[in-house]
Structures are given as structure tokens and as C-alpha cells.
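Computed from the coordinates by the stated procedures, all read-outs in this text should not be read as laboratory data. Just so it is clear, the model here is predicted, and its values are computed rather than measured. Counting neighbours? That spans all protein chains shown, and the Cβs are built from the backbone with ideal geometry, glycine included.
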Amino acid sequence: RSYDDNSLMDKAIGINCLGGDAPMRRPAFPIVNCPDGMRLEVMFPSCWNGKDVDSANHFDHLAYPDDAGPCPEGFDTRIETLFYEVWYSTDPFKDMWNDAMNTSQPFVLSPGDPTGYALHGDFLNGWDPPFLQSAIDECTADSGVVHECV
């Protein structure tokens, strides 16, 4: 499978080198030091087919919106957008690159992945359904800041 920079599904996983010479957003670990840190991002699909709660590959019942925001045909039910962002301070380790197993870049995700391609996110909903629905219906603060909801 190849990476398509025009696909929201492919761009949903990103690794950003902050303050370095690497491209700002890429699908794999940078091969240069990131003096201001490295940010890993995961965005979940926010369009649902409205009927299936799962599918054989755990994905076909969901889709990403297009670049302008609308959901594609057949996925007309909009669901909340979940976005995970994890920031790592990498600069303190810049002198350790030559000691790493992979000296072209020293980063490894927990399953032993030295590329960054295993980056993913999982979501389990543990909310009380009536309380969550109330928050969705009544918390309409444009800022997105929870304590500004009335």
C-alpha cells in the first residue's frame, strides 16, 4: 500500500518534526533531529454509514469527510471527530542517535516498529449514553472548552 497525500484517510496518521529540517507532516519517523519535539497525530473517521456498528475489517462502516468537510455518499451520518495528539521531547536525546540500533533515526514504537507506520489509536466509549447525549446537545460553546458549556 502506498501513501497518498491527497487522501484524508492517509493523512489521518501523521508524525510532525517540530523545528527540524524534515517536512512538517509525514507518515513516518523523521530522519533528522526535531529540536522542538516530535508530534504524533491520529484522527478518527467522522462519517458513518448509519447502520453497521462494525465491519469485517473494522473500518468499512466508517469514512473520512472530504477536504471541504461533507461526508461521502453512503456515509451520511456525521459522528464526533476524535483527534489524538502526543508530543515527545526528542532534543535531549539528539546525541544518542549513533548509539541506536537504527542510526538513520532512533525512534521505535512500542510494538518494535522503527518506521512509525504502526502508529494508531483505539477508542472505547465508556460514557453513560444519556449524559453523553446531553453534552452533545447542550454543550455548544464555539471554543470547544468544556468548562464554558452551560
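If we count every other residue with Cβ under 11 angstrom of Pro70's Cβ, Lys/Arg +1 and Asp/Glu -1, where does the sum land? Overall, the nearby charge balance is -3. With angles folded into 0 to 90 degrees, how steeply does helix 129-138 sit against the dominant principal axis of the chain? Use alpha carbons for both and round to 10. Result, in degrees: 90. Would you tally the net charge around Gly14, using a Cβ to Cβ cut-off of less than 10 Å, leaving Gly14 out, and scoring K and R as +1, D and E as -1? Charge balance in the 10 Å sphere: +1.
Subtracting the Cα-Cα distance of Asp91 and Ala118 from their residue separation scaled by 0.36 nm leaves 7.5 nm. Taking Lys and Arg as +1 and Asp and Glu as -1, the other residues whose beta-carbon sits under 15 Å from that of Arg39 total -1. For the chain, modelled as a GNM whose springs connect Cα atoms under 10 angstrom apart, the maximal fluctuation among Met43, Met24, Met101 occurs at Met101.
Go through Pro23, Met9, Val53 and say which Cα lies farthest out towards the positive end of the charge dipole of region 1-114; charges sit on Cβ, +1 for Lys and Arg, -1 for Asp and Glu. Projecting each Cα onto the dipole axis, the largest value belongs to Pro23.
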